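Structure first, commentary second.
The values are calculated or read from the model by the stated rules, or taken from the named source; none is laboratory data. Only a predicted model underlies this, so the values are computations on that prediction, with no experimental measurement involved. When we count neighbours, we look across all protein chains shown, and the Cβ atoms used for this are built from the backbone with ideal geometry, even at glycine.
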Amino acid sequence: MDVEGIRLMMPFDLLVRTNVDGVPTSDYYRYRVFYLEILFRCDRMRELSYRKYKSVYMKVAENLYNTVKSNLNSAAFAQAGNSNKPPNDIKTSVLDYPIRPVEYDEQDSYGVINSLNTCGLVKVALMDTKENIAAITSFLNDHQQKVTYVQGDGDYFFTTTRGWVIPPVRSNYVEKRLKVLISSGILINWKVVYNLWRPIKLLGHYANWTGAKVEAVSRLDFCSKVTTGFYICGICFRISVIVLIAEILRHV
């Protein structure tokens, strides 16, 4: 976030759920809720002390707050009399915004891959959970031969802590059961089973991608650390054979 001139892409549901039952799912509503959530987060961050956040993040929050606030007041988000008839060009109107929401679909209608391919000309980045970014990076590197995608870590501007809020109570039974559930690995197993039943639909899902097309062994070159390890193992094995033969001949 502290890179000057960078443009970020974020899924709609990364910061706040917009697919709640009984709530309109129009593009106008989803875009407005997305930017309102960013506006509220930046506003809270501006009010915090400098001891809790880096000064560079405070500056980013101030600039982003003013930018998002002006964007929400622009013509793209102006309600033309009836909120059920939002402007049709809202998806193209936010292309120049520093942060724009995206969604992974089969046609890549939000231009996620095309935007990442232009990273050499424009500073572009995709922000998602660590697990999703790792899967998307592997998929893109397997399908793009001329471009190498990398993932970063250490940006805490939009960090969100998910968990259970439990009031401090002595001998809390619920807290003890949750600790056992987490420490025993049961929760992780449930997550694995759930992901098998309902996998997250990322870019690789719509391309029917099941893994790397080229096997890992065939990708090794002479400069690889793994190849060096094989050479060392081979040399040690030969030395062991020579020592064994020498010991046998000495005792014959």
## Note on the structure
Of (1) surrounded by 10 or more Cβ atoms within 10 Å (Cβ to Cβ); (2) at pLDDT 75 or above; (3) over 28 Å from the mean Cα position of the chain (by Cα), Val226 fails just (2)
### Summary
Inside the range 100-112, the number of residues satisfying the requirement of being under 21 Å from Phe34 (Cβ atoms) and either surrounded by fewer than 17 Cβ atoms within 10 Å (Cβ to Cβ) or out of contact with any helix residue (DSSP H, G or I) (no Cβ under 8 Å at 6 or more places or on another chain) (or both) is 7
### Task
Specify the residue that is nearest to the chain's Cα centre (by Cα); the eligible residues are those in the range 118-128 that are within 14 Å of Leu8 (Cα to Cα) and part of a loop (DSSP other than H, G, I, E, B).
Asp128
### Query
Does Ser115 meet the test of being over 18 Å from Leu14 (Cα atoms), assigned to a loop (DSSP other than H, G, I, E, B), at pLDDT 80 or above and not aromatic (Phe, Trp, Tyr)?
no
